[in-house]
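Here is the structure we will look at.
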Amino acid sequence: MKDAWIPFAARAVPRYTSYPTAADFSPETGEAQLRAWMAAVAPGEPVSAYLHIPFCEKLCWYCGCATSVPNGYRRVGEYTDLLLKEISLKADAMGPHGGLAHLHFGGGSPNILSPADFLELADAMRRSFGLREGAEIAVELDPRTMQAGQVAAFARAGVNRASLGVQTLADDVQQAINRVQPREMVVALIEDLRGVGIGAINMDLMYGLPYQTTQHVAQAAQFAAEMGAARVSVFGYAHVPWFAKHQRAINENTLAGIRERFTQARVAAMTLEAAGYVAIGLDHYARADDALAIAARAGRLRRNFQGYTDDPCATLIGLGATAISQFREGFSQNCKDRKAWAGAIQAGRLPSERGIALTAEDRLRAHAIETLMCQLEVDVTAVCAAMGVADDSLDDALESARALEAVGLCYVSGSVITVPEEARIMLRTVGQCFDARSPALAQQRHAKAV
Ligand code: SF4
């Protein structure tokens, strides 16, 4: 890592899974706006959906997700019943859309659901929204807490992609993050999934965890490649104990410094690329025959709240507490507080509590950020032309990028900004050049760039 990059790597920046980011959402955009956007979905337009299951059997100390430990199944069962009602409320509010192209169960740990409840939710989505031919149904899994009959239920529900949280295989790191998960457990789950025909296996890995070394990261990346994972995500541990209180269980003195974190991320990239994986955007890797790599080659890669995707849908319906819905016109987030979310649904209301309606300038900047985050390159003039605005509309971003060019984080040639391969993991820092809303706010709310 170049010395000149260190101050930038230490700065907090948004992940830009959306622009504006959730930090800019406000209560002014609530249920009425959400209903108007849902009703306006065009006839025949394919849509996607995300179901948030905010429970885990045990907390991992590194976790930054919206989740909690339910201590028994009663709360999970009650949540499932409410989610079924929300599915029905939202399906009724939708315009005459063309059915689901992607359905994603995330969390938390969706495999905390009993097989029967998972099937009921999947059936309700299928009945209420309809499923398009070839739709992707994906589920995030915690290999430690699989239940008997669960893999068979996924197969019955039509699940065709599973994302396994692996993070690390090193024993001492696993102990320090409260996530003990032997390699054999992951291997057995992959074999079970493949045995029922769920062949597309994604793996999530991490760097920057307590006691984690470069060798540990290389070992986990090698494992993912050996297991033939279709996609691998490599996320840096974001230590934000003021936001995620359980992270206080992690001793800061056991965390790698910025230089070491950078090296760990680079080693993961080199290991995966040497094994034939294609680097996708900031932190994803895909086998060359996977839909994500194909979309990247064809210039169809997208970035949304689930990260990088080949999902072309402009509409994403979020269901469950905290879930975010996305429309061409803006974003709408469900109540974060589970009681408020439940109360709204019981009263027959859509449980939206905040969001944002996009301005023309937001759309312009969002397009530029998404292009850069997906392609590591953006032609600012082309973005302005595509959005029908004057070609100097993003000159402020070009000027900011020139300042980063001075330290080698990007190159600016005419109106084209390019991020070099070695700066890929600092991509968000270059994306921030287009951010007219949250540069100052980002310092407080987001994790460091590396
Ligand atoms: S299983 Fe996943 S969502 Fe649950 S606590 Fe661990 S990291 Fe967080």
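The values are calculated or read from the model by the stated rules, or taken from the named source; none is laboratory data. This structure is a prediction, so every number in the text was calculated from the model and none was measured. Quick reminder, even Gly has a Cβ in these numbers, built from the backbone with ideal geometry, and neighbours come from all protein chains shown. Keep in mind that these areas ignore ligands, DNA and RNA; they rest on the heavy atoms of the full protein, side chains included. Shrake-Rupley method; radii C 1.70, N 1.55, O 1.52, S 1.80 Å.
Scan the range 346-367 for residues that are closer than 20 Å to residue 432 by Cβ and touching a Cys at 6+ places or on another chain (Cβ under 9 Å) and jot them down. Spell out how you get there, then give the answer.
The initial filter retains those residues of the range 346-367 that are closer than 20 Å to residue 432 by Cβ, namely 356, 358-359, 361-367.
The one that is closer than 20 Å to residue 432 by Cβ and touching a Cys at 6+ places or on another chain (Cβ under 9 Å): 364.
If you scan the range 1-39, which residues turn out to be basic (Lys, Arg) and within 22 Å of residue 361 (Cβ to Cβ)?
So the first thing to find is which residues in the range 1-39 are basic (Lys, Arg), and the list is 2, 11, 15, 35.
Residue satisfying the conditions is 15 alone.
Check every one of the strands (runs of 3 or more DSSP E) wholly within the range 275-360 and list those with 1 or more residues that are of a type in the set (S, T, N, Q) and either in the same structural domain as residue 424 (by TED's automatic domain parsing) or touching a Pro at 6+ places or on another chain (Cβ under 6 Å) (or both). Don't jump to the end; show me each part of the working.
On the way: elements: 277-280, 284-287, 302-304, 307-309, 316-319, 324-326, 330-334, 352-357.
Correct list: 330-334.
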Is the range 79-89 home to any residue that is within 16 Å of the ligand (Cβ to nearest atom) and at pLDDT 95 or above? yes
Would you mention how many residues in the range 185-233 are farther than 16 Å from residue 174 by Cα, open to solvent by 10 Å² or more (accessible area, probe 1.4 Å) and β-branched (Val, Ile, Thr)? 2
Candidate set: the range 130-162, residues that are β-branched (Val, Ile, Thr) and more than 21 Å from the chain's Cα centre (by Cα); chosen: the one nearest to residue 110 (Cα to Cα): 145
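Would it be correct to say that residue 287 is at pLDDT 95 or above, more than 29 Å from residue 125 (Cα to Cα) and among the charged types (D, E, K, R)? Don't jump to the end; show me each part of the working.
Details: at pLDDT 95 or above: yes; more than 29 Å from residue 125 (Cα to Cα): yes; among the charged types (D, E, K, R): yes.
Taking the combined requirement at face value, the residue satisfies it.
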Residue 128 more than 28 Å from residue 188 (Cβ to Cβ) and open to solvent by 10 Å² or more (accessible area, probe 1.4 Å): yes
Hits in the range 80-116 (condition: under 16 Å from residue 339 (Cα atoms) and crowded, with 23+ Cβ neighbours inside 10 Å): 83, 86
Got a sec? Which of 145, 168 is touching a residue at least 24 places away in the same chain (Cβ under 8 Å), under 30 Å from residue 85 (Cβ atoms) and polar (S, T, N, Q)? 145
The range 36-68, subset open to solvent by 20 Å² or more (accessible area, probe 1.4 Å) and assigned to a strand (DSSP E or B), residue nearest to the ligand (Cβ to nearest atom): 68
